[in-house]
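Here is the structure we will look at, set down as structure tokens.
The values are calculated or read from the model by the stated rules, or taken from the named source; none is laboratory data. In this text, all values refer to a predicted model and were calculated from it rather than measured experimentally. In this analysis, Cβ positions are derived from the backbone assuming ideal geometry, glycine residues included, and neighbour counts consider all displayed protein chains. What goes into the accessible areas is simple: the full protein's heavy atoms, side chains included, and nothing from ligands, DNA or RNA. Shrake-Rupley method; radii C 1.70, N 1.55, O 1.52, S 1.80 Å.
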Amino acid sequence: MSWVTVARYSLPFEAHVARSRLESEGIQALVADEHTINMQWLYSDAMGGVRLQVDEADADRAQAVLAEDRSDLVDESIAPGLAARDTGETPRLTRLADPRYRRGFFLAFLFWFIGS
């Protein structure tokens, strides 16, 4: 089995997310140089980052899987309001994003800061 690099990442967690994506598609992958980057993160750019490697026979398929845009599969419960933008509806706002609550939060924070 001959391993080839299909992608490079600055941080190990990015490489592990991509590795998980490949393994969910049945492509065996490994992350190289992650421990060196974890110990000396300043070496990341000098070493070319963390390497994601697959078997040479799976390289083309792995690059195709990594290039897929899967943002349309985001669940509404994970990102509330995302699907609302696509339908033209008004997205739900959190309380701090609403201008009425933001003003009250700022005043409460100001009184707390002055009072302490």
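For this structure, a couple of remarks:
- Hits in region 22-43 - residues which are at pLDDT 95 or above, in contact with a helix residue (DSSP H, G or I) (Cβ under 7 Å, 6 or more places away or on another chain) and not in a strand (DSSP E or B): Leu22, Ile27
- Which listed residue, of Ala108, Ala62, Ala46, is among the small types (Gly, Ala, Ser), assigned to a helix (DSSP H, G or I), modelled with pLDDT of 75 or more and open to solvent by 80 Å² or more (accessible area, probe 1.4 Å): Ala46
- Within region 1-29, considering residues that are farther than 18 Å from Ala67 by Cα and in contact with a strand residue (DSSP E or B) (Cβ under 6 Å, 6 or more places away or on another chain), the one surrounded by the fewest Cβ atoms within 10 Å (Cβ to Cβ): Met1
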